[in-house]
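> Once you've had a glance at the structure underneath, I'll fire off some questions.
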Amino acid sequence: MSERPTIVLVDDSPELRALVGARLRASGLFEVVGEGADGGEAMMLAHEHSPSLMLLDTSMPVLDGLECLPLVLAVSPETRVVMYTGFSGRGLADRARELGASDFVEKSVPLDVLVDRLWRQVADAHGFAGLGGIGARGLPGDPPPRPPRPLRVAGAADVDEVRDQQTLDEHLERYREVFDQAAIGMATMTLNGSIVRANQALLDMVGRPADHLIGLDYGVLTRQHGDHLDEALARITEGGEDLVAFEHPIDSGAGIRTVRVTLTPVRDSKGSPLYAFAQIQDATAELELRRSEEIFRLLVTAVKDYAIFMLDVDGNVASWNAGAAHIKGYRADEVVGRHFRLFYPAEEQASGHPEHNLELALRDGVHAEEGWRVRRDGSRFWARVVITAVHDEAGRLRGFAKITRDQSEQRAHEEERRRALEQQAQLLAVTAHELRTPAAVVEGAVAMLRDGGDELDPQERAQVLEAMASSARRLQRLVTDLGTASDVQTEALALAPEVVSLRGTLMSSADRVHAAHGSARIQTRVDQEVDFVADPARLGQALDNLLENAFRHGRPPIALTGERTDDGVRVTVSDAGPGVEQRLVGRLFERFAHAGTTAGTGLGLYLVREIARLHGGDARYLAEGPGGRPAFVLDLPMSPQVPRN
């Protein structure tokens, strides 16, 4: 056969195609019948020319060499395809041969070696052994050698070329060592995403052997996130970007992990991308930490019950959350950058207390205390504060985390609870005292009647019986007041309102006190007869307590007056005594308020006010009432405003 073997060159670098084509033509051994820039053109040229050889690049846009190799052989089965690539690695070569490649040549080899490798592919298969007067003899079974070139004398340039090649080989070997031994996953892929080289770290990460990974579209590993890969490759090949990163889930064989892929293009001398270099790092722990930090940040930002913020190493506010704004009243732009001493009262600022707190937190790791703090408007609140020193992994102080909670309400509740316990103890002591006297009177009277009742004359018997009756009434009043106070406390006190007479109500109360205290001098006056709506039993209890209070703590005579007002009725109880001590005036109507351990239970006036308010009225004390005398005033509407059933 006299025709030369035909060859098609397919590479996305026009400069490389021109260089290789010129060398092949100069050899006189091949006829270059076509050139293409991508896998699609390779298939068209194979169908059109059915060439003896095709030199096919691995990494090309649209359709890379590994993807189009089976398609080229399908349309031109007799064509021998030699993969011509800038990648290296036995795995890629094996994968190419599995797909049907006849040979695998790295672009780093000299062009003369390339010509020899191509000639070997066609010498036997197409009967070109005698072409060009080949006369060299080879071993039996060896492919015929290509025609010899004219001899030339080696010079200094050849020595330099050999030295340069050795240096290049050393650098290439070092790169391969770094690539293969890297702790993070690395891969070289075509511009379409086909893996042509992968290191051991990546193989371990995906749990696959090298022969399963080489030639595989990396998008298959992304668990249906291949669009991320396509977008990243497009940004490199079309957008001209030099660094593109994306994340995707990956099945590691031990569960689903998340990896971060960083793609960098490897470009030719004119800046055109030849292939992509990928770094693949397991970002699962980092992303989980990032999510935790984000959740924590959202939590801290959203929490309003706690002021949570950071201080720098000098104590200046570095961050601010919604709780801090809510509790302290400052917006972030008003406080960030200012020293946190502004939250302390002036006296604590002057004493250096804020700075001392930071010293304690730095010494002990954390410092907690309760104390007064100051809001933006100048008001104070009781705060529970925790300051924690924050260090980095190297042990360097980065600042302080400060958590503040407004404990004013809790402190008020605690104070109220403490007062309630004190009042309860006081009530028990006073009640015991109040019970002791009438109980002793009843016990003594019963003993007298039992042991010597027959010897008593009628007057003495009457006095004993009256003492018993008076003590019984005193006990009854104590029981009634305790029961009413309990109803008020549990909001169970109810009214049974009906129409009552002002004059009749006052007279009945005066009669009851006369009956209990025969020596009581009560002057009752009602200028105008008035009917109004009230609970007669509760109102009577309030009036009895006012009269009892005047009898026990005031001086006769006691004046009980009633009158009509614009809004209802007014009852005034006054006496000739000195009035209430100034220190007690502010607490007169509080529960258990009294002048001393012998001054009663401290429930009488408290119940007077509660009964008046239950009717929609109120009770008050006047140091100078009618006639300049101290008086208690009870104001009631014509009918209860909020009647209870």
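The values are calculated or read from the model by the stated rules, or taken from the named source; none is laboratory data. Bear in mind the structure is a predicted one, so any value in this text is a computation, not a measurement. Here the Cβ is made from the backbone with ideal geometry for all residues, glycine too, and neighbour counts use every protein chain on show.
> Testing GLU288 on (1) at pLDDT 85 or above; (2) part of a helix (DSSP H, G or I), one condition comes back false. Which one is that?
Looking at each condition in turn, GLU288 falls short on (1).
> Report, by residue number, each residue of the range 439-486 that is touching a Leu at 6+ places or on another chain (Cβ under 8 Å) and modelled with pLDDT under 65.
ALA485
> Additional query: Is it the case that the range 5-23 has a residue that's outside the structural domain of ALA187 (by TED's automatic domain parsing), in a helix (DSSP H, G or I) and without any contact (Cβ under 8 Å) to a residue 12 or more places away in the chain?
There is at least one residue in the range 5-23 that is outside the structural domain of ALA187 (by TED's automatic domain parsing), in a helix (DSSP H, G or I) and without any contact (Cβ under 8 Å) to a residue 12 or more places away in the chain.
> Of all residues in the range 67-103, count the ones that are assigned to a helix (DSSP H, G or I), buried (at least 24 other Cβ atoms within 10 Å of the Cβ) and of a type in the set (Val, Ile, Thr).
Initial filter on the range 67-103 (assigned to a helix (DSSP H, G or I)): 67-75, 90-98.
Now restrict to residues that are buried (at least 24 other Cβ atoms within 10 Å of the Cβ): 68-69, 72, 92, 95-96.
Add one more test, that the residue is of a type in the set (Val, Ile, Thr), and what stays is 72.
The qualifying residues number 1.
> Another question, then. Here is a check on your reading of the model: is ALA389 free of Cβ contacts under 8 Å to residues at least 24 places away in the same chain, of a type in the set (A, V, I, L, M, F, W, C), in contact with a helix residue (DSSP H, G or I) (Cβ under 9 Å, 6 or more places away or on another chain) and surrounded by 12 or more Cβ atoms within 10 Å (Cβ to Cβ)?
Here the answer is no, as ALA389 does not meet what is asked.
> Of the numbered conditions (1) within 22 Å of ARG538 (Cβ to Cβ); (2) over 53 Å from the mean Cα position of the chain (by Cα); (3) modelled with pLDDT under 85, ALA599 satisfies every one except a single condition; which is it?
That leaves (1) as the condition not met.
> Strands (runs of 3 or more DSSP E) wholly in the range 154-255 with at least 1 residues that are modelled with pLDDT of 90 or more, over 25 Å from GLY39 (Cβ atoms) and in contact with a Ser or Thr (Cβ under 6 Å, 6 or more places away or on another chain) - which ones?
By residue number, 244-251.
> Residue pairs, Cβ under 9 Å, 6 or more apart or interchain, first in the range 621-645 and at pLDDT 90 or above and of a type in the set (Gly, Ala, Ser), second surrounded by 18 or more Cβ atoms within 10 Å (Cβ to Cβ) and not in a strand (DSSP E or B). List them.
Filtered contacts from the range 621-645: ALA631/ASP575; ALA631/GLY579; ALA631/GLY625.
> Taking the range 368-397 as the region of interest, how many residues are under 23 Å from the mean Cα position of the chain (by Cα) and not in a loop (DSSP other than H, G, I, E, B)?
Residues that pass the stated criteria total 10.
> Report, by residue number, each residue of the range 321-346 that is under 18 Å from LEU358 (Cα atoms) and assigned to a helix (DSSP H, G or I).
The answer is PHE340, ARG341, LEU342, PHE343, ALA346.
> Specify the residue that is nearest to GLN181 (Cα to Cα); the eligible residues are those in the range 247-268 that are small (Gly, Ala, Ser) and touching a residue at least 40 places away in the same chain (Cβ under 8 Å).
Here is the first cut: in the range 247-268, the ones small (Gly, Ala, Ser) are 252-255.
Restricting the remaining residues to those that are touching a residue at least 40 places away in the same chain (Cβ under 8 Å) gives 252-254.
Values: SER252: 19, GLY253: 21, ALA254: 22 Å.
Of everything passing the filter in the range 247-268, SER252 is nearest to GLN181 (Cα to Cα).
> Within the range 495-536, count every residue that is among the small types (Gly, Ala, Ser), under 21 Å from ARG613 (Cβ atoms) and surrounded by 14 or more Cβ atoms within 10 Å (Cβ to Cβ). Reasoning before the result, please.
Initial filter on the range 495-536 (among the small types (Gly, Ala, Ser)): 496, 501, 504, 508-510, 515-516, 518-520, 534.
Now narrow it down to the ones that are under 21 Å from ARG613 (Cβ atoms): 496, 509, 534.
This time we only want the ones that are surrounded by 14 or more Cβ atoms within 10 Å (Cβ to Cβ), so: 509, 534.
Total satisfying the criteria: 2.
> Still on this model: Could you tell me whether any residue of the range 47-66 is assigned by TED's automatic domain parsing to the domain that holds VAL113, part of a helix (DSSP H, G or I) and at pLDDT below 90?
Yes, the range 47-66 has at least one match.
> Now for a different question. If a residue must be out of contact with any Ser or Thr (no Cβ under 9 Å at 6 or more places or on another chain), more than 17 Å from GLN476 (Cβ to Cβ) and buried (at least 23 other Cβ atoms within 10 Å of the Cβ), how many such residues does the range 539-568 contain?
Final tally of qualifying residues: 0.
> Taking the range 607-631 only, how many residues are of a type outside the set (Gly, Ala, Ser), touching a Pro at 6+ places or on another chain (Cβ under 9 Å) and surrounded by 14 or more Cβ atoms within 10 Å (Cβ to Cβ)?
In the first step, residues of the range 607-631 are kept if they are of a type outside the set (Gly, Ala, Ser); the result is 607-611, 613-615, 618, 620-622, 624, 626, 629-630.
Adding the requirement that they be touching a Pro at 6+ places or on another chain (Cβ under 9 Å) leaves 614-615, 621-622, 624, 630.
From what is left, the residues that are surrounded by 14 or more Cβ atoms within 10 Å (Cβ to Cβ) are 614-615, 621-622, 630.
Residues flagged as of a type outside the set (Gly, Ala, Ser), touching a Pro at 6+ places or on another chain (Cβ under 9 Å) and surrounded by 14 or more Cβ atoms within 10 Å (Cβ to Cβ) within the range 607-631 amount to 5.
> Here's a follow-up. Can we say SER59 is of a type outside the set (D, E, K, R) and under 22 Å from LEU233 (Cα atoms)?
Judged against the criteria, SER59 is a match.
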